[in-house]
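The values are calculated or read from the model by the stated rules, or taken from the named source; none is laboratory data. For clarity, every value in this text was computed on a predicted model and none was experimentally measured. Methodologically, a virtual Cβ is constructed for each residue, glycine included, from the backbone with ideal geometry; neighbour enumeration extends over all protein chains shown. Note: accessible area is taken over every heavy atom of the protein model, side chains too, but ligands, DNA and RNA are not part of it. Shrake-Rupley method; radii C 1.70, N 1.55, O 1.52, S 1.80 Å.
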Amino acid sequence: MKPTQLQRNEYAPYYATFISTITDEYTLIEELEISLHRLIKFVQDIPMDKFDYRYAEGKWTIKDIIQHLIDCERVFSYRALRFARNDKTELPGFEEDDYAIDANANKRSIMELLTELSAVRHSTIYLFKTFTEEQLMRIGIASNNSMSVRALGFVIIGHQNHHQRIFEERYLL
């Protein structure tokens, strides 16, 4: 399955920006794998003095953003699991800024963060490999919006791509 196969009713309009960052070159599972390696290689090439840098007062550091990617992937994967298992419970949203405050990302090493990101992604990949085509098409409600299981997978990738672009544009000038 490719991102252009998604229908507009499978995700909130907010996520269209993320999904639009993904090409049709690879399937969902392939892109989950490839995008992880792409991000790790990218981050490993960032100068060490940039990991704790903030481009403006109140903005997150690169470490904060990597922790944010980890936290969001866990939330999105959990939503995918619930929807794939046909759980009809509406799921609440979460406040990303509150998560960032209590994550303590800047007290961790970049290697530790990348190792955790890799572990979470591998868990996500294994989870998505268990889903049938029918399960991938299932839709649930999260943050008051409809979301399909497969759209959640693409949002994980697109969210990562979005933040990698922010690194390039605002942190590495």
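Quick notes
- Selection count where residues are without any contact (Cβ under 8 Å) to a residue 40 or more places away in the chain and open to solvent by less than 70 Å² (accessible area, probe 1.4 Å), scope region 95-108: 1
- When residues of region 4-28 are limited to those that are touching a Lys or Arg at 6+ places or on another chain (Cβ under 9 Å) and part of a helix (DSSP H, G or I), the one farthest from residue 138 (Cα to Cα): 16
- The set of residues from region 121-165 being of a type in the set (Val, Ile, Thr) and either touching a Pro at 6+ places or on another chain (Cβ under 8 Å) or under 16 Å from residue 38 (Cβ atoms) (or both) comprises 124, 125, 156, 157.
- Of all residues in region 44-64, those that are in contact (Cβ under 8 Å) with a residue 40 or more places away in the chain and under 15 Å from residue 164 (Cα atoms) have Cβ atoms under 8 Å from Cβ atoms of residues that are among the aliphatic types (A, V, I, L, M) and assigned to a loop (DSSP other than H, G, I, E, B), 6 or more apart or on another chain, in 46/172; 50/172; 62/46.
- Qualifying residues in region 109-122 (those that are out of contact with any helix residue (DSSP H, G or I) (no Cβ under 6 Å at 6 or more places or on another chain) and hydrophobic (A, V, I, L, M, F, W, C)) - the one least open to solvent (accessible area, probe 1.4 Å): 110
- Pairing residues of region 7-32 that are more than 20 Å from residue 135 (Cβ to Cβ) with residues that are among the aromatic types (Phe, Trp, Tyr) and open to solvent by less than 40 Å² (accessible area, probe 1.4 Å), at Cβ distances under 7 Å and at least 6 apart in sequence or on separate chains, gives 22/154.
- If only residues of region 123-154 that are more than 17 Å from residue 74 (Cα to Cα) and among the hydroxyl-bearing types (Ser, Thr, Tyr) are counted, the one that is surrounded by the fewest Cβ atoms within 10 Å (Cβ to Cβ) is 132.
- Considering region 51-139, the qualifying helices (runs of 4 or more DSSP H), each wholly inside and each with 1 or more residues that are within 23 Å of residue 31 (Cα to Cα), run over 62-84, 110-130, 133-137.
- Of the criteria (1) open to solvent by 10 Å² or more (accessible area, probe 1.4 Å); (2) polar (S, T, N, Q); (3) farther than 25 Å from residue 131 by Cα, which one residue 77 fails: (3)
- In region 6-43, the residue that is farthest from residue 76 (Cα to Cα) out of those that are touching a Phe, Trp or Tyr at 6+ places or on another chain (Cβ under 7 Å) and open to solvent by 40 Å² or more (accessible area, probe 1.4 Å) is 34.
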